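Here's the structure we're looking at; comments come further down.
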Amino acid sequence: MICNICPRGCNLSNNQIGFCKARKCTDGEIRCDNYGKITSIALDPIEKKPLYHFYPGSYILSVGSYGCNMRCPHCQNSSISMDTAESHYISPEKLLDLAVSSPDNIGAAFTYNEPLIGMEYLTDTAPLLKEAGLKTVVVTNGYACEEPLKKLLPYVDAMNIDVKGFTEEFYQKLGGSLETVKKNAELCVSFCHVEITTLIIPGENDNDWEMEELAAWLSSLSPDIPLHITRFFPRYRMTEKQPTPIDTLIRLAGIARKYVKTVHIGNV
């Protein structure tokens, strides 16, 4: 069986787990094995997603499972994204109850690991949230197949998409595809509020021309889409690098502002 959630298209035999470590072939059907298995849950400021222009000042119930369909050596949440992790089951109905009962909460954000590899959980939960008048937020790497994403998007109110760099060469190091992410970002903008985040890593994606191309592309979608340029800190398998110089972030933000109206510098 071929998994159709992301372009990786894992070919799985019965009881085999995919590359993402979250999807499994069982009785001739591939579904998310991490369905409802929550490893992290917290009531976060919406700005932590980061979403600065979607109900600013509000709080949202943030939930994450385990697994990811990319392999970023600088992963900030490697303990849950790169492997299975201790979890407890929360059904879509129970998550709705938690969201409704959390004080000053506007909805649920699927985050921490890559949420789209648990597509079935999202497509079961997001309509319940919508019916209750709550918001659904997805924080994603954007590396997904178009058809399942299209089925989810009518129920999504906001997304933060991580555009990790702006060359295919860099994306190949991470196990993804820039073109896929670009196409999906364009699709998502037509459905919901979108903000973009790019983590700037010294010596990897911190050159001026790359930011110029990224910002020009983003402006072609809409110059009103906010861009978050964030600071790298040593993590996971990339501990030998120094944190991104703040001067680098300021320089790149200046380039981006030639194309998009709103640029934020983060992690400083």
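Could we say that Thr125 is outside any helix (DSSP H, G or I), among the hydroxyl-bearing types (Ser, Thr, Tyr), modelled with pLDDT of 95 or more and surrounded by 20 or more Cβ atoms within 10 Å (Cβ to Cβ) here?
Against the criterion (outside any helix (DSSP H, G or I), among the hydroxyl-bearing types (Ser, Thr, Tyr), modelled with pLDDT of 95 or more and surrounded by 20 or more Cβ atoms within 10 Å (Cβ to Cβ)), Thr125 does not qualify.
Which of the numbered conditions does Phe191 fail, given that it passes all the others? Conditions: (1) over 17 Å from the mean Cα position of the chain (by Cα); (2) at pLDDT 95 or above.
(1)
Hey, can you tell me all the residues within region 229-268 that are touching a Pro at 6+ places or on another chain (Cβ under 8 Å) and of a type in the set (A, V, I, L, M)?
Scanning region 229-268 gives Met238, Val260, Val263.
If the requirement is being surrounded by fewer than 16 Cβ atoms within 10 Å (Cβ to Cβ), more than 21 Å from Leu227 (Cβ to Cβ) and either of a type in the set (Gly, Ala, Ser) or under 15 Å from the mean Cα position of the chain (by Cα) (or both), which of these qualifies: Ser91, Ser78?
Criteria check complete, one pass: Ser91.
Given Ile41, Ile30, Ile2, Ile17, which one is in contact with a helix residue (DSSP H, G or I) (Cβ under 9 Å, 6 or more places away or on another chain) and hydrophobic (A, V, I, L, M, F, W, C)?
Ile41
Within the group Ala42, Ala85, which residue is more than 15 Å from Thr140 (Cβ to Cβ) and buried (at least 17 other Cβ atoms within 10 Å of the Cβ)? Don't jump to the end; show me each part of the working.
On the way: Ala42 fails: buried (at least 17 other Cβ atoms within 10 Å of the Cβ).
Going through Ala42, Ala85 in turn, just one is more than 15 Å from Thr140 (Cβ to Cβ) and buried (at least 17 other Cβ atoms within 10 Å of the Cβ): Ala85.
Considering every residue within region 85-95, establish whether at least one is among the hydrophobic types (A, V, I, L, M, F, W, C), over 23 Å from Lys24 (Cβ atoms) and out of contact with any Lys or Arg (no Cβ under 7 Å at 6 or more places or on another chain).
Taking every residue of region 85-95 in turn, none turns out to be among the hydrophobic types (A, V, I, L, M, F, W, C), over 23 Å from Lys24 (Cβ atoms) and out of contact with any Lys or Arg (no Cβ under 7 Å at 6 or more places or on another chain).
When region 169-225 is examined, which residues are found to be surrounded by fewer than 20 Cβ atoms within 10 Å (Cβ to Cβ), among the small types (Gly, Ala, Ser), in contact (Cβ under 8 Å) with a residue 12 or more places away in the chain and not in a helix (DSSP H, G or I)?
Passing the criteria: Gly175, Ser177, Gly203, Ser222.
Hey, any hits in region 153-160 for a residue that's part of a loop (DSSP other than H, G, I, E, B), over 16 Å from the mean Cα position of the chain (by Cα) and more than 16 Å from Pro7 (Cα to Cα)?
No, because not a single residue in region 153-160 is part of a loop (DSSP other than H, G, I, E, B), over 16 Å from the mean Cα position of the chain (by Cα) and more than 16 Å from Pro7 (Cα to Cα).
Please verify whether region 166-185 includes one or more residues that are of a type in the set (A, V, I, L, M) and at pLDDT below 95. Steps first, please.
To start, the set of residues in region 166-185 that are of a type in the set (A, V, I, L, M) comprises 174, 178, 181, 185.
From what's left, at pLDDT below 95: none.
No: zero hits.
Is there any pair with a first residue in region 77-105 that is within 17 Å of Tyr236 (Cβ to Cβ) and a second that is in a helix (DSSP H, G or I) whose Cβ atoms are under 7 Å apart and which are 6 or more apart or on different chains, and what are they?
Once the first residue is within 17 Å of Tyr236 (Cβ to Cβ) and sits in region 77-105, its partners that are in a helix (DSSP H, G or I) give Ala85/Ser79.
Val156 is checked against (1) touching a strand residue (DSSP E or B) at 6+ places or on another chain (Cβ under 9 Å); (2) in contact (Cβ under 8 Å) with a residue 40 or more places away in the chain; (3) not hydroxyl-bearing (Ser, Thr, Tyr) and fails just one. What number does that condition carry?
That leaves (2) as the condition not met.
Out of (1) over 26 Å from Leu134 (Cα atoms); (2) in contact with a Leu (Cβ under 7 Å, 6 or more places away or on another chain); (3) surrounded by fewer than 18 Cβ atoms within 10 Å (Cβ to Cβ), what's the single condition that is false for Leu98?
For Leu98, the exception is condition (1).
Quick one: Ala216 ticks every box in (1) at pLDDT below 95; (2) under 20 Å from Glu169 (Cβ atoms) bar one, so which box is it?
Result: Ala216 passes all but (1).
Pull up region 235-257, narrow it to residues that are loosely packed, with under 12 Cβ neighbours inside 10 Å and of a type outside the set (Val, Ile, Thr), then point me to the one that is farthest from Pro50 (Cα to Cα).
Glu240
Name the residues in region 27-43 that are in contact with an Asp or Glu (Cβ under 7 Å, 6 or more places away or on another chain) and among the basic types (Lys, Arg), would you?
If we filter region 27-43 for residues that are in contact with an Asp or Glu (Cβ under 7 Å, 6 or more places away or on another chain), which is where we start, we get 31-32, 35, 39.
Across region 27-43, the qualifying residue is only Arg31.
The values are calculated or read from the model by the stated rules, or taken from the named source; none is laboratory data. Given the structure is predicted, the values throughout are model-derived calculations rather than measurements. Virtual Cβ from ideal backbone geometry, glycine too; neighbours counted across all protein chains shown.
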